[in-house]
Amino acid sequence: MKYISTRGQAPVLNFEQVLLTGLASDGGLYVPETLPRFSHEEIAAMATLDYPQLAQKIITPFVHDCIPADDLRAMVVETYAEFRHNAVAPLVQVDSDQWILELFHGPTLAFKDFALQLLGRLLDYVLERKKQKVVILGATSGDTGSAAIEGCKHCKNVDIFILHPNNRVSDVQRRQMTTVHGDNIHNLAVEGNFDDCQAMVKASFGDQSFLPDGRQLVAVNSINWTRIMVQIVYYFYAAVALGAPARPVAFSVPTGNFGDIFAGYLARQMGLPIERLIIATNRNDVLHRVMTGNTYGRQPLEHSLSPSMDITVSSNFERLLFDLYGRDGAAIADLMQQFDHGDISLNETAMKQARSLFSSQCVSDEETCQQIASTWRGCEYLLDPHSAIGVKAALDSDVAAGIPMITMATAHPAKFPEAIKSAGLTQAVALPLHLSDLFERSERFQVLPNDLAAVQEFIAANINA
Ligand SMILES: *Cc1c(COP(=O)(O)O)cnc(C)c1O
């Protein structure tokens with residue numbers, strides 16, 4: 001499989017190279033040159049596979065020229081054996097036609113474990129083979145950092161530096177990062193906000209000369225193609241369990257950076273009968289504004305009860321735009337250049353096509369709390385605030401009755417006890433057993449000023465692997 005940039009000017013890469021790359025050199029994002037397509041019969045046959053077997057089936061066409069089948073199988077089996085549920089991604093019914101796909105049974109209790117636990121293994125495998133060492137650098141508002149640390153803590157050839165805004169992530173989220181100890185794990189609490197952290201990461205990827213000789217940076221956010229690829233699997237898993245390909249399904253996806261839902265779009269392109277994909281946002285609604293008013297533009301970041309979706313720009317939307325514009329890299333380069341200077345609108349064909357696949361809804365904090373309370377009253381099922389946004393958008397959608405609607409439950413409610421309290425629910429939300437002593441574990445992190453030079457100096461001085 002070859003990978004090309006959405007802006008058309010960067011080198012074509014193979015899977016191994018794309019795994020080790022962040023942004024393409026032309027500023028675009030890497031996507032597969034072609035997509036595998038599964039026939040009706042092939043999808044029907046998926047119903048007999050367990051999660052690791054299905055993962056191998058879906059991922060193989062994307063990686064087979066770089067990773068031998070037996071090695072991929074071993075990595076996939078090991079990854080999902082770490083999940084605390086035998087079904088890996090169980091489905092739960094919460095209303096007629098309404099289903100929840102629980103994506104929070106991984107080690108850090110959010111859906112990001114699905115991709116990052118495998119990404120860590122793939123990285124180690126490839127780096128060992130190449131005798132190369134790399135530096136992972138990422139910014140987190142909460143869930144990415146812990147999943148990346150957990151996924152990469154055993155990697156021999158990786159140092160991992162995660163920037164989080166000092167005092168601005170929840171206690172559970174911070175402790176999930178800072179209580180994992182290892183010489184190659186470095187938590188940096190920056191005296192700034194999430195945007196400051198992200199800007200430093202971006203600048204560091206742009207000019208890597210601060211690193212010691214021969215080291216390069218690897219991205220763990222959803223800019224990295226591997227994350228999207230691995231997420232395609234659970235769309236097939238859920239749809240087939242509910243009757244696909246004979247019966248079409250719909251998905252509602254709580255969205256920030258458009259990474260999770262873009263995987264759903266790819267599943268559809270690969271042959272899965274998905275009737276509709278619902279983009280569910282909190283009040284940081286850049287995607288809802290483009291779907292309803294055809295204006296894609298930045299607005300100031302607002303803090304919500306669903307912090308993992310607090311973003312101003314949805315990076316992966318560019319991957320969709322590339323398809324909507326007939327895979328014309330020059331057109332996307334143009335459009336993105338305009339976006340650097342202000343709001344953009346899509347052309348009519350692109351907008352029409354987007355609306356034929358996706359609908360959207362923006363859900364306020366108040367509605368989020370109401371949904372948590374109402375789902376609890378309906379079936380005593382406790383939603384986390386991100387998943388509640390998905391369920392609210394699913395219930396309000398106009399998808400026909402009889403089509404199973406599957407909402408992605410992206411996090412475990414114990415990660416966000418404040419939101420549960422705001423919803424007026426008083427029951428204690430216990431952390432799963434493996435994290436029950438989280439608040440007794442010792443923390444290790446470094447507080448650094450909001451200053452790029454200081455952060456880069458710290459990184460250069462603390463590389464161990
Ligand atoms: C990261 C995250 C999201 C948003 O995922 P995207 O791929 O950025 O759309 C939603 N919910 C939770 C709990 C997350 O951690």
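Points worth noting:
- Distance between the pseudo-spin-label points of SER25 and GLU41 (7 Å out from Cα toward the beta carbon): 4.5 nm.
- In this simple spin-label approximation, THR34 and ASN462 carry label points 7 Å from Cα along the Cα→Cβ vector, and these lie 4.7 nm apart.
- Of the DSSP H helices in the chain, those that are both long (alpha-carbon extent of 24 Å or more along the helix axis) and hydrophobic (Kyte-Doolittle mean at least 0.0) are 225-241.
- Each label was represented as a point 7 Å from its Cα along the Cα-to-Cβ direction; for THR312 and GLN17 these points are 3.4 nm apart.
- Relative packing of 319-329, 431-441, 271-281, 351-361, which averages over residues the other C-beta atoms within 10 Å, highest first: 271-281, 319-329, 351-361, 431-441
- Projecting the Cα positions of CYS152, PRO61, ALA44 onto the charge dipole of the stretch 29-166 (unit charges on Cβ atoms of Lys, Arg, Asp and Glu, taken about the Cα centre) puts CYS152 furthest along the positive direction.
- With R₀ set to 35 Å, the beta-carbon distance separating MET351 from GLU82 gives a calculated FRET efficiency near 0.25.
- Partners of LYS133 within straight-line reach, counting lysines whose Cα lies under 21 Å from its Cα and excluding those fewer than 8 residues away in the same chain: LYS153, LYS156, LYS202.
- Carbon and sulfur %, accessible surface of the stretch 357-465 computed with the full protein complex present, 1.4 Å: 50
- Sorted peptide list for 158-166, 80-88, 285-293, criterion being average Cβ within 10 angstrom, highest first: 158-166, 285-293, 80-88
- In the stretch 124-183, Cα pairs under 8 Å separated by at least six residues give a relative contact order of 40 percent.
- Straight-line cross-link reach from LYS421 at under 21 Å between alpha-carbon atoms covers these lysines, not counting any fewer than eight positions away in the same chain: LYS392.
- Across the accessible surface of the stretch 120-270, with the other protein chains kept in place and a 1.4 Å probe, carbon and sulfur atoms take up 43 percent.
- Comparing GLY256, LEU301, HIS341 along the charge dipole axis of the chain, the residue lying farthest to the positive side is GLY256, per the Cβ-charge model.
- Burial order of peptide ranges 170-181, 253-264, 42-53, 297-308 (average beta-carbon count within 10 Å, highest first): 253-264, 170-181, 297-308, 42-53
- Three-way shape label, the stretch 235-393, alpha-carbon gyration tensor, a/c 1.5: oblate
- For LYS415, a cut-off of 15 angstrom between C-alpha atoms picks up these aspartates and glutamates, skipping any fewer than 8 places away in its own chain: GLU102, ASP113, ASP143, ASP171, ASP384, ASP437.
- Only the Cβ atoms of Lys and Arg (+1) and of Asp and Glu (-1) were treated as charged; on that basis the dipole of the chain about its Cα centre amounts to roughly 560 debye.
- For the chain, the per residue solvent-accessible surface stands at 38 Å², with DNA, RNA and ligands left out and a 1.4 Å probe.
- Computed magnitude of the charge dipole of the stretch 16-115 (debye, nearest 20; Cβ of K, R +1, Cβ of D, E -1): 120
- Relative contact order (percent, whole number), the chain, Cα cutoff 8 Å, 6+ residue spacing: 20
- Entry note, the stretch 282-428: relative contact order of 23 percent, from Cα contacts under 8 Å with a spacing of 6+ residues.
The values are calculated or read from the model by the stated rules, or taken from the named source; none is laboratory data. A quick note: this is a predicted structure, and the numbers were derived from the prediction, not measured. Here the Cβ is made from the backbone with ideal geometry for all residues, glycine too, and neighbour counts use every protein chain on show. All accessible areas refer to the heavy atoms of the entire protein, side chains included, with ligands and DNA or RNA removed. Shrake-Rupley method; radii C 1.70, N 1.55, O 1.52, S 1.80 Å.
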